[in-house]
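What follows is a set of notes on a single structure, which appears directly below.
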């Protein structure tokens, strides 16, 4: 198993003196698992909250019921609230969140299977990205974990072009 993204992430977090938290829905803890595959990750990883159901998002991450009713769990608004909630709950300098439709069911015309939102909350701002992956359930979860780690790396490398729509266009 290659840990290139995870090792780069850890090196940058340590170098910048930042500690990371995660808020995960569709990935079910996969991002946190991958981060903790690196020995010494406790130096920069505080922990993660897996909040799959609406009730868990509200209770554990302080996501608003109004946000969930209005925009749904798979939305820019929800992932930003999730990231903000994880950062606050774990007193982290940085938090990444993910919520998506891994499949094979659950897709909607405006949110097909594979649609996944990512949120990043830091002291200097908040950003969100959307992707639409086209794999099976496990592939979509793996692609989501990759994209989440990459978003944190982009932030740590100084990119402020963190908002974005990364869905494939036909």
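The values are calculated or read from the model by the stated rules, or taken from the named source; none is laboratory data. Computed from a prediction, not measured in an experiment: that's the story for all the values here. Cβ: placed from backbone, ideal geometry, glycine included. Neighbour counts: every protein chain shown.
Of all residues in the stretch 47-89, those satisfying the criterion of being surrounded by fewer than 19 Cβ atoms within 10 Å (Cβ to Cβ) and not in a helix (DSSP H, G or I) are 47, 50, 52, 53, 62, 64, 72.
Evaluate the stretch 31-42: report whether one residue or more is without any contact (Cβ under 8 Å) to a residue 24 or more places away in the chain, within 25 Å of residue 132 (Cα to Cα) and not in a helix (DSSP H, G or I). Within the stretch 31-42, not a single residue is without any contact (Cβ under 8 Å) to a residue 24 or more places away in the chain, within 25 Å of residue 132 (Cα to Cα) and not in a helix (DSSP H, G or I). Filtered by the rule that a residue be surrounded by fewer than 19 Cβ atoms within 10 Å (Cβ to Cβ) and within 24 Å of residue 19 (Cβ to Cβ), the stretch 99-125 gives 123, 124, 125.
Might you check whether a residue that is farther than 21 Å from residue 46 by Cα, in a helix (DSSP H, G or I) and modelled with pLDDT of 95 or more occurs anywhere in the stretch 92-107? Checked the stretch 92-107: no residue is farther than 21 Å from residue 46 by Cα, in a helix (DSSP H, G or I) and modelled with pLDDT of 95 or more.
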